[in-house]
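This report refers to the structure that appears directly beneath it.
The values are calculated or read from the model by the stated rules, or taken from the named source; none is laboratory data. All values reported here derive from a predicted model rather than from experimental measurement. Please note: Cβ atoms are built from the backbone with ideal geometry, for glycine as well, and neighbour counts cover all protein chains shown.
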Amino acid sequence: MATRTIVKMPGDGIGKIVLEEAVRVLEAAGFRADYVEGDIGWEFWCREGNPLPERTLELIGKHKIGLFGAITSKPKDEALEELDPALRDKGLVYSSPIVGLRQHFNLDICVRPCHTYPGNPLNFIRRGPTGEPEEPVVDVVIFRQNTEGLYGGVEWSNPPDQVYEALKTHPKFVKNFGHVPREELSVSTRIFSKKATYRILDAAFAYARENGYRSVTLCEKPNVIRETSGMMYKLAREIRQNKYPDIELWNTNIDAQMMWLTKNPEDYGVIVAGNMFGDIVSDAFAGLIGGLGFACSAQFSADGVGVFEPTHGSAPKYAGYEVSIVNPVAMIEAACMMLDFIGEKETAGRIRKAIAEVILEGKVRTYDMMKLPGAPSVIEHGAATTRQMTDAIIEKLNSA
């Protein structure tokens, strides 16, 4: 295998822990790379006023591939309080560095797989027709538009004159909000572009065909959010008719989908949604396969930049434990998605097989898999440490 350079971005909290465990697994599987560290996260906001320094953007722009751990984000006022006092009067405003990465490199395609691991005690279980327990197999891949919508960052409090006057041209604004003092208004926009919407829909259909899924489910709210969700549904029908007539198109509303996913999750294959609803539905399906300890994510651009991460947060409380107890599987799975992206599918497959064997065997389980509260004492109750879980996966790799 050719050696390449990977930008490691540990970020904050447990991101620094699980990322190193993923690298250990990659090396045990025989994947060779040069790793350079990219600065990102809360400490760089506090110290420099920028959680995503330009030097990190340059590294990713040069090497194209990034492995990302986790970040800490806090509300506007709290972020300002923790900023270096010397920087507080310079008009700096905190914004999420991972959102910044997505927008800077146009990482508009986000893929979040949610697959059941047999033997995982956290798998979703329901009652069958006669009351017997059933464990449906979840095999869902969510395609989330990653750069637009509610996360696009186009928003105001006490909107300026031009914005306020533009809003007043809409009769519903005048009727419902015209009596509200402007200084009491906050506005967040939900902007969809046709080009980006087409791209995420086409990617979802293409993946379904390439991987043997029979359906693509559009999970939006076109009956209420008529312009943006409506455009997405219209384009989905056109794409399916013109390019993918062999793939069924299902249309569900986000609220109804939250109900149905615990009723019949095995019926769904590929799901596609805008930014906010894709975030929601991917976390919901992650809950059916064991939670955020098993949820990974890939995001990539049309010109070959890819960033891979677990979807969990930085969990600073857990990062402070003398011995780490967090589940590293999501981060290791994210590394597997990176391997898929760069054409190392055989290596990714071996790692996934090792993870599956450890989980099915059931001898090594982190505290979440044992349904214990997250405290240092879980080790005394038989929970594996973060390193022990990684060691077990490496042992399976070595014995294959």
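Output the number of the condition that GLY290 fails; it satisfies all remaining conditions of (1) under 29 Å from ASN327 (Cα atoms); (2) part of a helix (DSSP H, G or I).
Checking GLY290 against (1) under 29 Å from ASN327 (Cα atoms); (2) part of a helix (DSSP H, G or I), the one that fails is (2).
Among the listed residues ILE40, ILE6, which satisfies the condition of being closer than 30 Å to ASN398 by Cα, in contact with a strand residue (DSSP E or B) (Cβ under 9 Å, 6 or more places away or on another chain) and at pLDDT 95 or above? Spell out the reasoning first.
Working: ILE40 fails: closer than 30 Å to ASN398 by Cα.
After ruling out the rest, the residue left standing is ILE6.
Please go through (1) part of a loop (DSSP other than H, G, I, E, B); (2) closer than 30 Å to LYS194 by Cβ; (3) not aromatic (Phe, Trp, Tyr) for PRO136 and return the number of the only condition it doesn't satisfy.
The number of the failed condition is (2).
Working carefully through the options GLY293, GLY320, find the one that is within 15 Å of THR385 (Cα to Cα) and not assigned by TED's automatic domain parsing to the domain that holds ALA33.
Details: GLY320 fails: not assigned by TED's automatic domain parsing to the domain that holds ALA33.
Among GLY293, GLY320, only GLY293 is within 15 Å of THR385 (Cα to Cα) and not assigned by TED's automatic domain parsing to the domain that holds ALA33.
Out of curiosity, is ALA383 without any contact (Cβ under 8 Å) to a residue 60 or more places away in the chain, surrounded by 21 or more Cβ atoms within 10 Å (Cβ to Cβ) and either in contact with a strand residue (DSSP E or B) (Cβ under 6 Å, 6 or more places away or on another chain) or more than 21 Å from ARG32 (Cα to Cα) (or both)?
So ALA383 fits the description; yes.
If I go through the stretch 324-371 residue by residue, how many of them are part of a helix (DSSP H, G or I) and either more than 17 Å from ALA22 (Cα to Cα) or not aliphatic (A, V, I, L, M) (or both)? Give the derivation first.
In the first step, residues of the stretch 324-371 are kept if they are part of a helix (DSSP H, G or I); the result is 329-341, 345-361.
Within this subset, residues satisfying the condition of being either more than 17 Å from ALA22 (Cα to Cα) or not aliphatic (A, V, I, L, M) (or both) are 333, 336, 340-341, 345-347, 349-350, 352-353, 357, 360-361.
Going through the stretch 324-371 one residue at a time, the tally reaches 14.
Does the stretch 135-146 contain any residue that is assigned by TED's automatic domain parsing to the domain that holds THR262, in contact (Cβ under 8 Å) with a residue 40 or more places away in the chain, in contact with a helix residue (DSSP H, G or I) (Cβ under 6 Å, 6 or more places away or on another chain) and polar (S, T, N, Q)? Please lay out each step first, then the result.
Let us first name the residues in the stretch 135-146 that are assigned by TED's automatic domain parsing to the domain that holds THR262, namely 135-146.
When the remaining residues are screened for being in contact (Cβ under 8 Å) with a residue 40 or more places away in the chain, the result is 136-146.
Of the ones still in play, those that are also in contact with a helix residue (DSSP H, G or I) (Cβ under 6 Å, 6 or more places away or on another chain) are 136-138, 140, 142-146.
With the extra rule that they be polar (S, T, N, Q), the set shrinks to 145-146.
Yes, the stretch 135-146 contains a residue that is assigned by TED's automatic domain parsing to the domain that holds THR262, in contact (Cβ under 8 Å) with a residue 40 or more places away in the chain, in contact with a helix residue (DSSP H, G or I) (Cβ under 6 Å, 6 or more places away or on another chain) and polar (S, T, N, Q).
Counting only residues that are touching a strand residue (DSSP E or B) at 6+ places or on another chain (Cβ under 7 Å) and within 14 Å of GLY274 (Cβ to Cβ), how many does the stretch 223-250 have?
Number of matching residues: 4.
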